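Contents: one structure, followed by commentary.
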Number of protein chains: 2
Amino acid sequence: MALFSSLTPLFTAIICVLIGVILKKKNGEREKRETKSKPLSHPWVDEDLKDCTDHQLEEEEVDEGWQGFDENIAHVPFFAERYSEAEMIKRSQEFYKLLNKRRSVRFLSDEPVPREVIDNVIRTAGTSPSGAHTEPWTFVVVQDPDLKHKIREIVEEEEEINYKKRMGDRWVNDLKRLRTNWIKEYLDTAPYLILIFKQVYGRLPNGKKKTHYYNEISVSIACGILLAALQNAGLYTVTSTPLNCGPHLRVLLQRPANEKLLLLLPVGYPKKDATVPALTRKPLEDIMVVM
Amino acid sequence: MALFSSLTPLFTAIICVLIGVILKKKNGEREKRETKSKPLSHPWVDEDLKDCTDHQLEEEEVDEGWQGFDENIAHVPFFAERYSEAEMIKRSQEFYKLLNKRRSVRFLSDEPVPREVIDNVIRTAGTSPSGAHTEPWTFVVVQDPDLKHKIREIVEEEEEINYKKRMGDRWVNDLKRLRTNWIKEYLDTAPYLILIFKQVYGRLPNGKKKTHYYNEISVSIACGILLAALQNAGLYTVTSTPLNCGPHLRVLLQRPANEKLLLLLPVGYPKKDATVPALTRKPLEDIMVVM
C-alpha cells in the first residue's frame, strides 16, 4: 500500500503525459479537418447580425454542421404588402403616438391578465431577426406566486447588497428612503414575470457547441419587439436587468448552463395610484442626423 | 549640448518622479472626494437597465452630476389606456400577424420613400427605455447617393477581406458564386441607410465623462422598436452589423469618438423579384417556458 502510494505521483505524471500526447494528436487531426473545412466557414456572415461574440468564441467551438445555413437553404420569392404614401405616413404617426405613451411602470397591480395575450406577445418577440437565424432566446414566464416570491427574495437580497455597499455615513440614517430602491413589490404583484435568457451557444445533434453569434444584440432586439407588443396590447412593464442575480435565477428556473439572464420584465396593469418620474424624451433633432 | 544631452535622462527621471508625486496627490484628492460622494452613487440602479458596461467602466469616469436622476426628479401620476380583454387578445393577435410578415430583405428597390415616415420611425425608436434614461443612440440617416456609395465601398472592401481570409483551395475557383456574399447592392439602391450608433459615454457640462450604462442593450432594444415601426409602415430592411467597418464609417459620417456603430439598416421597398431564404421560425413551445 505504501509502495503504491509513493508510486502514485509517478503514475499520475505518466498518465498525464500520455493524455497530453493523445490530446495533442486529436487536436492536430481537428486542426487538419478545420483547415480543410475553413472555406465553408461562416458563409452567412453578411446575411445576419454580426458582433463581438464572433471574436470571443474559440474557432474550434464552431462545428461544420453550422455552415449549412446559406449553402443548402432554398430562396423563395418575397411579396410584401404595400400601403399608399398617405397610409404609410398615417400608420407611422399612429404607431409613434402609441409607443410614445409607453413608460417604465414600477407599480403594477395584481389584476389577472389573459394568458393568450402573453402567448401572443412572446410569439411576436419570436419574429425578431437574429444572427444567422439562431433565434437564441428563451422566455420564461413565471405565474406561480411562490416562484415569483422566491425570485423577489433573490433579487432583493442582491439589490440590498448593491445598495449597502454603496452607502456611506451620509445615508446611514436615511435607510427608510433608500429602502424603496431595493424593495421590489412588483415581483410579487405583477401577474407575470417574463425572464428573458440569451442562449450564448447551442448544441448540434452530435453534441458539439454551436456558436450563437450576436446573441446579446439579437435577444435585446427581440425584447424591443416584445416591449412594442406589450404596449400595443395595453400591458405595462419595467425593463430591468437584475445585477448579479443571473446565475441564481437561472438555477431556480432550471435553465441550462448555455443560457444567461438578460432581462426581467414584470408584466401587468399599472396600479390606480402608479406614478412615473417626470422625464421627457430627446427631440428628434437630438437623436437623428440626416446626410 | 553634449552635457545637456547626457543630463537629459536624469532630468527626465526627476520630472517623471515629480509628475508621479503630483498625480498621486491628485488621485488621493479624487479618492477622498469619491469616498465622500459614494453614498450618492447610482441611486437609480434598480430603476433602469443595468448590464456589464457597469463593470467595464472605471469608477472615476462617473461624475457626481450624473447622480441627480433619482434624487431630484418629480414623480407624477400615471394613467394608462385600458382595453377590454377581448380587445387585448385581438390587438395582440393582429400585431403578431403584422410582425410575423417581417423578413430580412436584401433586395431593395430604389423607389423613393417619404422622409416623414423615416422621421416617424426614428421618433418611435426614441421612445425606447434606456439605462438611467441616457437615450444613448444616434440614428444617422444617409440619403445622399455619393455618401451611400462611399459606405458601400467601405463595407464591401472589409467584407471582401473577411471572405477571402476564410477562403481555401476548395473555393479559390468559385469566386463568382462567393462574390454575391460581399457585394451589397442594397447600400446603393435603398433610398435610406440608417446607421445606428451607440454612445458608449456622454459628456457633462463640466466636460467630465458621463457613463452610459447598458448602452448596447439599450440601443439594441431601440432597434427592435425601430424594426417594428418599419414593418408597421410597410418598409423593409436587413439587420446588419458591418464587421470591422465601424471606425471607418464613424469617421466618414463625422460622428464623435464616444459613438460606436452598432447596426446598419438599409431601408426601402423590396424589389419586384426579391427573394428570401425559406426559413421557418421556432414554434412558441420552443421559445417559451411557463412556470
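Ranked from shortest, the separations from the 7 Å Cα-to-Cβ label point of residue B:260 to its equivalents in the other copies are 1.4 nm.
FRET efficiency for the pair residue B:286 and residue B:110, taken as 1/(1 + (r/R0)^6) with r the Cβ-Cβ distance and R0 = 30 Å, rounds to 0.20. What net charge is computed for the residues neighbouring residue B:203, neighbours being all others with C-beta under 9 Å from the C-beta of residue B:203, Lys and Arg scored +1, Asp and Glu -1? The answer is +3. Close amide H pairs (under 5 Å, H built 1.01 Å from N) link residue B:262 with B:196, B:197, B:198, residues at least 5 positions away or on another chain.
For the range A:109-274, the number of Lys pairs with C-alpha atoms closer than 18 Å, counting only pairs eight or more positions apart or on separate chains, is 13.
Structural descriptor for the range A:109-274: relative contact order 36 percent, calculated from alpha carbon pairs under 8 angstrom and at least 6 residues apart.
Across identical copies of the chain, residue B:285 has label-point separations of 5.6 nm, listed in ascending order, with the point defined 7 angstrom from Cα along Cα→Cβ. Placing pseudo-labels 7 Å out from each Cα toward the beta carbon at residue B:279 and residue A:275 gives an inter-label distance of 4.6 nm. Listed from fewest to most Cβ neighbours within 10 Å, the set B:280, B:275 follows the order B:280, B:275. Sorted from nearest, the other copies put their residue A:116 label points 3.7 nm away, the label point being 7 Å from Cα in the direction of Cβ. Highest average first, the peptides A:188-200, B:126-138, A:109-121 ordered by how many other beta carbon atoms sit within 10 Å of their residues are B:126-138, A:188-200, A:109-121. The phi-based Karplus calculation (6.51 cos²θ - 1.76 cosθ + 1.60; θ = phi - 60°) puts the 3J(HN,Hα) values of the range B:284-289 at 3, 5, 8, 10, 10, 10 Hz, whole numbers, x for Gly and Pro.
By Cβ position, the chain A residue that hugs the axis carrying A onto B most closely, with its distance in whole Å, is A:224, 1. Each of B:220, B:84 has some number of other Cβ atoms within 10 Å of its Cβ, and from fewest to most they run B:84, B:220.
Neighbour counts of C-beta atoms inside 10 Å place A:139, A:78 in the sequence A:78, A:139, starting with the fewest.
Inter-chain Cβ neighbour count for B:101-110, averaged per residue, equals 3 (cutoff 10 Å, partner chain atoms only). With K and R counted +1 and D and E -1, the other residues having a Cβ less than 14 Å from that of residue A:229 yield a net charge of +3.
Values in this text are rule-based calculations from the coordinates and carry no lab data. The model shown is predicted, which means the values in this text are computed figures rather than measured ones. We place every Cβ from the backbone using ideal geometry, glycine too, and count neighbours over all the protein chains shown.
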